[in-house]
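Structure first, then comments.
What follows is calculated from the coordinates using simple rules that are stated; it is not laboratory data. Remember, it's a predicted structure, so these values are computed and weren't measured experimentally. Counting neighbours? That spans all protein chains shown, and the Cβs are built from the backbone with ideal geometry, glycine included.
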Amino acid sequence: MRFMKSRYRNRELLLLIFALIIISLGFYLSAQTTAQPIDTALKLAGLLATAFIGLHIANRILITDADPLLLSLTAFTSGIGLVMIWRLKPNLASAQSTWILVGAVTILIALVLARNYRKLKEYKYTWAIAGIILLFAPIFLGTERGGARLWLDLGPISFQPAEIAKICFVFFLAAYLEEKRELLSISTKRAFGLWLPEPKHLGPLAVMWLISLIILVLERDLGTSLLFFGLFLAMIYVATGRAMYVSLGISLFIAGAVACYFVFSHVQTRFDIWLDPWIDPAGRGYQLIQAIFAIGSGGLTGTGLGLGHPTLIPAVQTDFIFAAVAEELGLLGGVAVILAYLLFISRGLRIALSASDDFGRLVATGLTSVFALQAFVILGGTTRLIPLTGVTLPYMSYGGSSILMNFILLALLLAISAKRGDSLE
Amino acid sequence: MIRLNKRIARLGIVFITAFILLIVNLTYMQFIASAKLTAKPENIRPVLYERRIERGTIISADGKVLATSRKQDDSYTRVYPEGELAAHITGFYSSRYGRAGLELTYDDYLSGQSKVSSPDDYMKRLLGEEEPGNDLTLTLDMNLQSIASKALGLRKGAIVVLDPKTGAVLALVGWPRFDPNTLDDKWKSIAENPEGALLNRATQGRFTPGSSFKIVTAAAAIESGAVTPATVYEAPAQLKIYGGKVSNYGNKGFGRISFEEAFIKSVNTVFAQVGKNLGGQKLVDASEAFGINGEIPFDLPTAKSSVPEASEMDDLEVAWMAVGQGRAAVSPLMMALVGAAVANDGEIMQPYLVVKASERDGTAVFAREPRPWLCPISKNTAAVLKSLMEQVVAKGTGKSAQIPGVRVAGKTGTAEVGKGEPHAWFVGFAPVDNPEVIVAVIVENGGTGGSTAAPIAKQIIAALLGKNH
């Protein structure tokens, strides 16, 4: 019975129980302070525990040697998220917990399928085409929400196809770069004082850049565009080691962003509000100002769960959920959450380092980069470190497609970590 | 492969740097910028937090609730069951317009905003079970307050009623006033009332004292030993001093009279001579001995009563100051305390309104013992002044304060104020042999002290002593 003895899995269980205890206390406190039925708290905590203990058991059987931290970190962040959503918008909590359950089942399926993740590289152009279709579907079929056109309405379910597209592009880029990275690292032509590789090898990369711009222009989605471009740069840098790609890419992105500032009023608004939200405190700056007030009122230990006023922030349960955490759990809670993400990211990169093949290495790097960029962009946006772009906070924000895709991301990282070449220690 | 790993590690450093920036920024926002953000006018959180706390109740000495918090849905609203009657004492507590009165001075007790001091407190806060604020018990007698308020009626003015033996304030009335229950709705009309409805005239009003100030002049004269009640003065209708003149009320001459008679009939030309003989410095010193030119330690904001510095006055102004005219300006509370010195054998007890602050279960967290404040005159001087003041009521300008069977002492004042009717003053106490109450009354532009202010004091004294005897 090898799986009963696994050191990693025992550690995972211990950490998982620790996370679940913290979450349960959170549910208990919220029930007390917001005068909500303790039964619901029990039900939600139970659902969460079932999902993650179930996944833990699956890990024991399927991927005994997988990374021991990722699952507990996911339990912690999605648990805090669920507590906050229940406390902020009680009637959304059951939908969110359902999505977590569905996500857990998806992980199971993904784990079974992804145990041989190397096969994924055989379909690299399929991934590319699927990604492009998913990305651009909303332009023709989507509905507009909050100035951005990101959503597909499929009967009762509406989702953001860009969430799925991210993972498709990670597969494509990993497969493509693994194959071409030698060629891309060799410069044969000199142009504008720079050594460039053969143009035909650069073609697909130029396509990626174009895609990012198209998202920005046609879907008006600054956040997703930034995410794709950042993912692309991170992967190409890791694959080729050419700083030239990075500096060229950053210059291109800045050029594109500056152009957008002058062309699109909503981009301009976002930027101006970031510089000084008080230019329109009751209007365009309202949401950010309310978030800043919420964070400021938290102090070291926060107001206590259920005792702050985070509901003053519009749409707090999605993009701004971190502001609610910072208000009610204070600097301690906020830093704990940030560190949980950083730990997740460092484990992701560690998995990339110890993967047994370059494809696995690049996939893990890509997935971790997407995750890190997304977490940074929204955490930085809600705390006014950078201009706000509407993306969800992985695992914590309310929303089905975000939960699902980040759970698939987790499954892939776990699967890669189980196939590592050397020890994770 | 090794080079690939190096680059992944570099990517990791970029991410770690970015997330450390997040933490630094968060620390800045939650620690350094926090207070600044809370103070922003757009931030309604401070108001929302306070509404969640059940503020303490303010209760009068006779058990009437003056201010209390009522729960509505999730938050508390402040209610003042006595409405206007105690408005200047309780003050108000408004999320929009701040707070005033006892709601302001005793905010720490009422809000129970004591800092978290034990793990137990912290757990309670975590669970949102914050302790209600402390209740305040006052010296105020609402029955007397209501009688005093009715006696003043809708006339601009103020009344202060204290127990001279303890300094306890029994009633404190001013008009115009406001209803703290409708403050938020009627703020504009209340705040912009040209007569100053928000001004607590009893403690913050500054008025020319007129002849009621002769208590101070007489005290200085008798203390100096230069004057006794029997000292005789010429009392013409007008007295010329340095090209100016001091005249009697109604331009009446009295011939040769004693100081006693001059006090009883409030003869200005005699007091002008007394003041001139004493000199400005002695007059100012005597005033300051009573607390004028200083702050009165009190539970409510007070205006500083003042007389000019001696060096700033010529003989004419000194003479006018001796009769309570000129630049002297006093609050009704100050005049009550001047009277209290006479009533209490020369010693002024510190005035107070709040007897104690207590927790819901009755445990007192703050309790007040009466304590002496100033001792401006000797016991002998006090006794002399007492008999002078008794005669004012018995046969002088204060006859309308007489109460059958009670020995009342007092001094009237009729302060000329440029245009319109003079301010009517009366400062009196009773019973003379064992004073239980001192009353200071001012009715702005009310006419003579004897005809307007003394009858008000009489009603209050009669009501209080009638109840006690």
Helix runs (DSSP H) in chain A reaching 18 Å along axis by Cα, Kyte-Doolittle at least -0.5: A:7-33, A:38-62, A:70-88, A:93-114, A:124-141, A:161-185, A:199-218, A:222-240, A:243-263, A:321-354, A:358-382, A:400-418
A student applying the Cα gyration tensor rule (rounded when a/c is under 1.5; otherwise prolate if a/b is larger than b/c, oblate if not) would label chain B prolate
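Net charge around A:PRO310, counting only other residues with Cβ within less than 12 Å of its Cβ (Lys, Arg = +1; Asp, Glu = -1)? Display every interim value, and only then the final one.
Details: positive: A:ARG87, A:LYS89, B:ARG45; negative: A:GLU327, A:GLU328.
Around A:PRO310, the surrounding residues sum to +1.
To the nearest 0.05, how large is the calculated FRET efficiency for B:ALA364 and B:GLU192 if R₀ is 41 Å and r is the Cβ-Cβ distance? Working shown, then result.
On the way: r = 41 Å, r/R0 = 0.99.
Working from the Cβ atoms, E equals 0.50.
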Just grab the label-to-label distance for B:GLN402 and A:TYR125, each label 7 Å out from Cα along the Cβ direction, in nm (one decimal). 12.3 nm
12 Å cut-off, amide nitrogen to a point 7 angstrom out along B:LEU104 Cα→Cβ, residues in the stretch B:165-198: B:198
Any chance you could check the Cα centroid distance between the stretch A:1-50 and the stretch A:255-316 for me, in angstrom? 33 Å
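Ranked by Cβ crowding within 10 angstrom, fewest neighbours first, how are B:CYS375, A:CYS168 ordered? Mind showing how you got there, number by number?
Details: B:CYS375 15, A:CYS168 21.
Fewest to most other Cβ atoms nearby, the residues stand as B:CYS375, A:CYS168.
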According to a simple spin-label model (label point 7 Å from Cα along Cα-to-Cβ), what is the distance in nm between A:LEU210 and A:ILE17? 5.7 nm
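Evaluate the Kirkwood expression for the hydrodynamic radius of the stretch A:313-425, namely the inverse of the mean inverse distance over all pairs of different C-alpha atoms, and round to one decimal in Å.
Values: mean 1/r = 0.0676 Å⁻¹.
Hydrodynamic radius (Kirkwood, Cα only) of the stretch A:313-425 equals 14.8 Å.
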Log10 I(q)/I(0) at q = 0.14 Å⁻¹ for the stretch A:232-390, from Debye over equal alpha-carbon scatterers, is -0.85
Would you mind computing, in nm to one decimal, how far apart the modelled labels at B:ASP185 and A:ILE61 are, each placed 7 Å from Cα along Cα→Cβ? 6.9 nm
Quick check on packing: order A:392-402, B:337-347, B:428-438 by the mean number of other C-beta atoms within 10 Å, highest mean leading. B:337-347, A:392-402, B:428-438
The Cα extents of the stretch B:326-469 along the principal axes, largest first and rounded to whole Å, are 53, 35, 31
Using Cα positions and a limit of under 13 Å, work out the aspartates and glutamates in reach of B:LYS419, with same-chain residues fewer than 8 apart set aside. B:GLU444
Using alpha carbon centers only, the stretch B:143-163 is separated from the stretch B:304-337 by a whole-angstrom value of 25 Å
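How big is the C-alpha Rg of the stretch A:1-134 next to the rule-of-thumb value 2.2 N^0.38 Å, as a ratio?
On the way: Rg = 17.5 Å, N = 134, 2.2 N^0.38 = 14.1 Å.
Dividing the Cα radius of gyration by 2.2 N^0.38 Å gives 1.23.
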Using a cut-off of 20 Å between alpha-carbon atoms, which aspartates and glutamates can reach A:LYS89, once sequence neighbours fewer than 8 places away in the same chain are excluded? A:ASP39, A:ASP319, A:GLU327, A:GLU328, B:ASP73, B:ASP74
To check you understand DSSP bridge types, tell me what percent of the beta bridges within chain B (both residues inside) are antiparallel, rounded to 5. 95 percent
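Once you charge only the Cβ atoms, +1 for Lys and Arg and -1 for Asp and Glu, what is the size of the charge dipole of chain B about its Cα centre, to the nearest 20 debye? Present the calculation step by step, with values, prior to reporting the outcome.
Details: 51 positive and 48 negative charges, 223 e Å.
Dipole magnitude for chain B comes out near 1080 debye.
Just tell me, in residue order, which DSSP H segments of chain B are both 27 angstrom or longer along the helix axis (alpha-carbon based) and at least -1.0 in mean Kyte-Doolittle hydropathy. Before the final figure, lay out each step's value.
Details: long enough: B:2-27 (37 Å, 1.44).
Answer set is B:2-27.
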If the cut-off is a Cα-Cα distance under 25 Å, which lysines reach A:LYS119, setting aside same-chain residues fewer than 8 apart in sequence? A:LYS166, A:LYS180, A:LYS419
Near B:GLN350, within a Cβ-to-Cβ distance under 14 Å, what is the net charge of the other residues, with Lys and Arg +1 and Asp and Glu -1? -2
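If the chain between A:GLU179 and A:SER356 were fully stretched, how many nm would it gain, using 0.36 nm times the residue separation less the Cα-Cα distance?
Details: separation 177, 0.36 × 177 = 63.72 nm, distance 1.60 nm.
Using 0.36 nm per residue and subtracting the Cα-Cα distance, I get 62.1 nm.
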May I ask you to compute the full-extension gain from B:GLU312 to B:ARG52, defined as 0.36 nm times their residue separation minus their alpha-carbon distance, rounded to one decimal in nm? 88.1 nm
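What FRET efficiency do you get for A:SER94 and A:ILE38 if R0 is 22 Å and r is their Cβ-Cβ distance, rounded to the nearest 0.05? Each step should come with its number before you reach the end.
On the way: r = 15 Å, r/R0 = 0.70.
Taking R0 as 22 Å, the efficiency between A:SER94 and A:ILE38 is 0.90.
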